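Comments concern the structure below.
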Amino acid sequence: MEKIDALSLSKLVTSLKKRTVFLNKKGALHHCPPSGGGWGVVRVACLVPEVEILFVIPMGCGRHGAIASFANQTVDKITYLLVEEVDLVSGNHLSHLEEAMKLLIEEKNPKGLIVCSTCMDDLLGSDYESVERFIEEMYDVPIRHGKMNPILSESKKAPELMIQKTIYEFWGTPLDLEKKKKNLNLLGSFCDLHESAEIIEILNKMGIGLKHISRCKSFIEFCDMENSMANLLICPNGIVAANHLDSQNHQPYIEALQGFCEEEIDKAYREISVFLKEELHLETYKSVYKNHCERVKKIFKGKTVAVGSTINARPFELAHFLTTLGFEVAYIVAKAIPQWDVIHVKWLELHSPKTLVLPNLDPKLAFCEAPVDRVDYVFGLDVLGIFETIYLIELPFDEQLFGFGGAVKLIERIEKAKPFCGSLSEKIYSANLVI
Amino acid sequence: MELEDFYKNKITVLYTLMEPDNSGVKIKIHTVQFLLLIKTGEIMKGLLKKLPPFAPDYSGVNSVFYELGGITIINGADGCIGNVTGYDEPRYFEKKGHIFSTGLRNIQAIAGDENILLKKIKDLPFLTQVSCLVLMGTPTSAVIASDHKGVAKLLEEELNIPVISINTTGIDGYEMGAQKAFLALAKRFVKPSSQLGSGVNIIGATPLDYWGRRQIDSIVNGLTAHGVNVRSCWTMEGGMKAIENTLNGEINLVVSVSGIPAAKHLEKVYGMPYIIGVPVGEEDTENFANILNRKDKNVCSEKKLFKEERSERRKLEKLFIEKKDIAAPVVIAGEQIWANGFRRFLSCYIDFSQISVVSFFQMNHQEMAPQDVYVNSEDIFLKTMKKKNPATIIGDPLYRRLIFSSSNSTYVDVPHLAVSSRLYWNHNKIYVGEKIIL
């Protein structure tokens, strides 16, 4: 541990601000192992049914997404236009783009097209807009622009946020308020809710449908989501999209972020209840959740844990929940402390003051030949490479837990976990994390 | 005619490569036809509808330096390094490499990043204990024209370790980066010697071609069995020490296009001869061994390795090929030097002129047969296949996506890591050396 600059929670609390605090030092190189990921530029773009994706990229930028999409079965939706140095200098890549878009539309007859550019075009200021509008008018096919530009990571326009906005820009003018359908759209997640989520049943009983883009079979069905009465923001990455739809399409959003702590789940349901102006009957679900939490406290008491950042959850919120279950959270490996996690960092400082926080890209992690420490459980593949452990608990991006049912599902998963004996590399490669 | 002028050079070169026997007049006619195809949209250069983008040049550089005990720094946003660590470096979990991203962000790119870059690198621990530091560029740093050469010079003066800047852009293929890296090794690290020693250095092996440990062992064991002393393998065996002691050997065996510039440099500066080629099959391995043992300093091309006579062993190899349903005409799609070797292996059974090498990657003119084709787009690859109408295709499994919808050809999978990345890198095939397992 001498080599790694671990941060104490007390030190972190003093640096908390109103905006997101990034944990990796600005002036340090980044260690980026294959276990990082979850941004979802390719994955999110591919969610739109009957729409083709065209990446305009140098060879180096599209490879990870392309290979991962082979395993993800989305490869046939994506085309790559490779740019060359001479084209970039002369601006000729935009002429090639025009040809490529024509070819794609004529060959595949898509209902829409997402053109994705990279960091290079951000710096060059390439005028994609005019080319895209020209082709859009020529073929009457909507074209939207997305960006895979990690150069804007840690900014308000980070690619993982902006791509979520891009896909909803296909929506046109929604129906008048009184004609809106009694549906809520799930926003921010890569997939639909896990069946354990009680919200599906609760809303169904109230005659309200729950929609996720991944369930849409056609472009028309996807566009019909614009007529839902509101969006349910369940993952933080959907925040830009939620604000965009609120201001441009007059479709409000309910901030109901997925969490495991009782307070977080209560808060999410409170927001939903306020919006619907109806009381939600959660007693049964809450009682099952509480029983589970109480039951496992003795089992988990004193077991050490490392929480990682490559999980479909918020690391500090999850650490809070695990502490309430009796676990001893030894480490949290994270990229940032967003606003909505400040409350959990403060809580952890009081209730788990020994917890250490490691920035996920710390270059010193690359020099650790032996595991940094030994813990009983790791949550997330990125920490599996750092700590020696007995149990690996996964919270994959292809599974969206929610509510009391989601938390119970997690508890059951921890209880039933078998000692990890597989290959770390195979686990990471099969998870297809990067896209 | 603006487009025509723009493409003129490229297409002429392309068609010269495709049909080197044609007269100038014919080339001109083809050129015009080609332009028409581009204009009508039939051929779209650089458009990948079925294949993934191939491994970029910085992956090639990393692959060369990975086992040499240095630190590799990619100057770009973190997405670029994700390609290398997650998709182009199968050794990552066997031996954690010291490879870092500079985490280039917008404001640094706009304001100029050299000072920040210097500081970030100097803050890295253990810097003075490494064999070298390699700094390379990405598309982003290429756009802002980061002065890597200047930064490398300053760092070298301050840290007193070799710092090498390699001019990669993320736009070229892996073989271009690997060439630059091998050449840098030859220029910077080979210790001069007044007299050459004995034994063979293998140059040009990186996992991005076909070179896993088993493939290298297969070559080395085959040659050793025939009395060849294999001293080192740039850069998968022997580490930096082997590079430094290159001149203790007598001849270099270049196993990929990536290794050619380094071998040429060693020949030019130190008079060290080289052979280009990969031994494939028993007879071929013996031929290589004989030449390497003869220390024939005039041999510089694998073309001299062909033998017309048929030995008993060749008959066995013929049986092996028959069993695999390999029938003429054959197209071998892959890295040129390996593909040439495999063609020699097949030529005991199939006429040489019936076997073509087709490659998306750089090809060496001198090593090309008249029927060989360099392709730079999916469309040209498809048109070439249509023209050649092969009964057998040997190549990376992902090329099937381009071919098999309208073809009855037999396909023999030979994964090429620079194409299919981790999708097939755990395969059990051995396609070089004495014992072939397909």
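The values are calculated or read from the model by the stated rules, or taken from the named source; none is laboratory data. Small disclaimer: the values here were computed from a predicted structure and weren't measured. For neighbour counting, all protein chains shown are included, and Cβ atoms are generated from backbone atoms with ideal geometry for every residue, glycine included.
Structure data summary
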item: Tally, over region A:359-393, of residues that are surrounded by 20 or more Cβ atoms within 10 Å (Cβ to Cβ), in contact with a Lys or Arg (Cβ under 9 Å, 6 or more places away or on another chain), touching a residue at least 40 places away in the same chain (Cβ under 8 Å) and more than 14 Å from every other protein chain (Cβ to nearest Cβ); result: 4
item: Residue match in region B:100-117 (condition: more than 7 Å from chain A (Cβ to nearest Cβ) and farther than 19 Å from B:Ala145 by Cβ); result: no
item: Residue in region B:147-168 that is within 11 Å of chain A (Cβ to nearest Cβ), crowded, with 16+ Cβ neighbours inside 10 Å and not polar (S, T, N, Q) present; result: no
item: Set B:Glu367, B:Glu378: member being touching a strand residue (DSSP E or B) at 6+ places or on another chain (Cβ under 8 Å) and within 22 Å of B:Gly433 (Cα to Cα); result: B:Glu367
item: Subset of region B:416-430 (residues that are more than 10 Å from every other protein chain (Cβ to nearest Cβ) and modelled with pLDDT under 95); result: B:Tyr424, B:His427, B:Asn428, B:Lys429, B:Ile430
item: Qualifying position, being closer than 27 Å to A:Glu85 by Cα and touching a Gly at 6+ places or on another chain (Cβ under 9 Å), among B:Lys180, B:Lys153; result: B:Lys180
item: Qualifying position, being within 14 Å of chain A (Cβ to nearest Cβ) and at pLDDT 95 or above, among B:Gly204, B:Gly177; result: B:Gly177
item: Unique residue being closer than 30 Å to A:Ile202 by Cα and modelled with pLDDT under 95 when the list is A:Pro315, A:Pro338, A:Pro363; result: A:Pro338
item: Candidate set from region A:97-130 (those that are touching a strand residue (DSSP E or B) at 6+ places or on another chain (Cβ under 9 Å) and without any contact (Cβ under 8 Å) to a residue 24 or more places away in the chain); member that is nearest to B:Arg401 (Cα to Cα); result: A:Leu103
item: A:Ser189 within 11 Å of chain B (Cβ to nearest Cβ), part of a loop (DSSP other than H, G, I, E, B) and hydroxyl-bearing (Ser, Thr, Tyr); result: no
item: Any chance A:Leu124 is in contact with an Asp or Glu (Cβ under 9 Å, 6 or more places away or on another chain), farther than 13 Å from A:Val56 by Cα and modelled with pLDDT under 95; result: no
item: Filter result (part of a loop (DSSP other than H, G, I, E, B), of a type outside the set (Gly, Ala, Ser), at the interface with chain B (Cβ under 8 Å from one of its Cβ atoms) and surrounded by 23 or more Cβ atoms within 10 Å (Cβ to Cβ)) within region A:14-61; result: A:Leu29, A:His31, A:Cys32, A:Pro33, A:Pro34, A:Pro58
item: Flag if B:Ile355 is away from chain A (no Cβ under 14 Å), in contact with a strand residue (DSSP E or B) (Cβ under 6 Å, 6 or more places away or on another chain) and at pLDDT below 90; result: no
item: Residues within region B:236-274 that are of a type in the set (Val, Ile, Thr) and either surrounded by fewer than 22 Cβ atoms within 10 Å (Cβ to Cβ) or over 18 Å from B:Glu335 (Cα atoms) (or both), tallied; result: 4
item: Subset of region A:102-121 that is more than 8 Å from chain B (Cβ to nearest Cβ) and closer than 27 Å to B:Asn106 by Cβ - its residue that is modelled with the lowest pLDDT; result: A:Asp121
item: Those residues of region B:109-143 which are over 24 Å from B:Gln179 (Cα atoms), surrounded by 22 or more Cβ atoms within 10 Å (Cβ to Cβ) and out of contact with any Phe, Trp or Tyr (no Cβ under 9 Å at 6 or more places or on another chain), in sequence order; result: B:Asp113, B:Leu117
item: Scan of region B:86-107 for residues that are of a type in the set (S, T, N, Q) and buried (at least 24 other Cβ atoms within 10 Å of the Cβ), ordered by number; result: B:Ser101, B:Thr102
